[in-house]
Amino acid sequence: MKFITFSGPPSCGKTSVILRLGEVLKESFGVVKFDCFTSFDSRIYDKAGIPNQTGISGTLCPDHFFVSNIDACLKWGERNRLLLLISESAGLCNRCSPHIQNIPAVCVIDVLSGVGAPQKIGPMLKLADIVVITKGDLVSQAEREVFALHTIRANPRAEIYAVNGLTGQGIFALAAALKRRCVPVGAEPLRLRFSMPAAICSYCFGETQVGSRYSTGTIKQMRFTDQDQGERL
């Protein structure tokens, strides 16, 4: 079984791209969707006849939820004799890093998020093999080119493709790129490309009171410019 990780900000068009990709690949594939509170994508995949599972992280960090469940997802795909498994994960904080070494990694980002968006996204985009830019039909050619330039600056090593999730324009080039990169998942342990965000503090365990006296564990304090000036004086 082959495996691909898809990630990207919420509502950027990941599901539409995956559906279009399935029409082109024409092989037995399934999807595992990771989300935070709720997801309706299972209805779309069911309607398309695509085997799928949905994981809701709830109060947990979606990235930590992903990494602690992805091994079981692979076993689910093998039990169902899938030829290809795609994981779909929403990068809710833009710090997420749901990409795995030696597994094709795709980050989807829409051009409407603004030209500065690629620089604000962490390992989810900067360590992806392929970046898919969606919703380009809603802006001018100049805006598309500027957005693509900022994407290249954020990840110079990635292949960049413009895909229209509604019409399917550009999907054949993306499918060809994934076919070149896809290899069967081996028996060796999987390893993330980048570490998970730190998430062990008093608020992780249910603390609700605000203030430094209640903040313990892995925390990070801001430094303010007037404090720096006071230290120099």
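Looking at the stretch 1-85, the trypsin sites (Lys or Arg not before Pro) that sit in a DSSP loop and have at most 14 other Cβ atoms within 10 Å of their own Cβ are LYS26, ARG81.
Antiparallel beta bridges, as assigned by DSSP with both residues in the chain, represent about 10 percent of the total such bridges.
Of all the stretches in the chain, which is the longest one without any exposed loop site, taking chymotrypsin sites (Phe, Trp or Tyr not before Pro) in a DSSP loop (any state but H, G, I, E, B) with at most 11 other Cβ atoms within 10 Å? Write out the running numbers ahead of the final one.
Numbers: sites that count: PHE37, PHE40, PHE224.
After excluding every exposed loop site, the longest remaining stretch is 41-223.
Compared with the direct C-alpha span, the chain from CYS204 to LEU60 gains 51.0 nm at full extension, assuming 0.36 nm per residue. Distant-in-sequence amide contacts of GLY168, defined by a placed amide H-H separation under 5 Å and a gap of 5 or more residues or a different chain, comprise nothing. Picking from ASP41, ASP129, ASP63, which is most flexible by a Gaussian network model of the chain using Cα springs under 10 Å? Largest GNM mean-square fluctuation: ASP41.
Could you tell me the ratio Rg/Rh of the chain? Both radii from Cα atoms, Rh via Kirkwood.
Rg divided by Rh gives 1.02.
No value in this document is a laboratory result; all are computed from the given coordinates. Note that the coordinates shown come from a computational prediction; the quantities given were computed from them, not determined experimentally. A quick note on method: Cβ atoms are made from the backbone with ideal geometry, for glycine too, and the neighbour counts reach across all protein chains shown.
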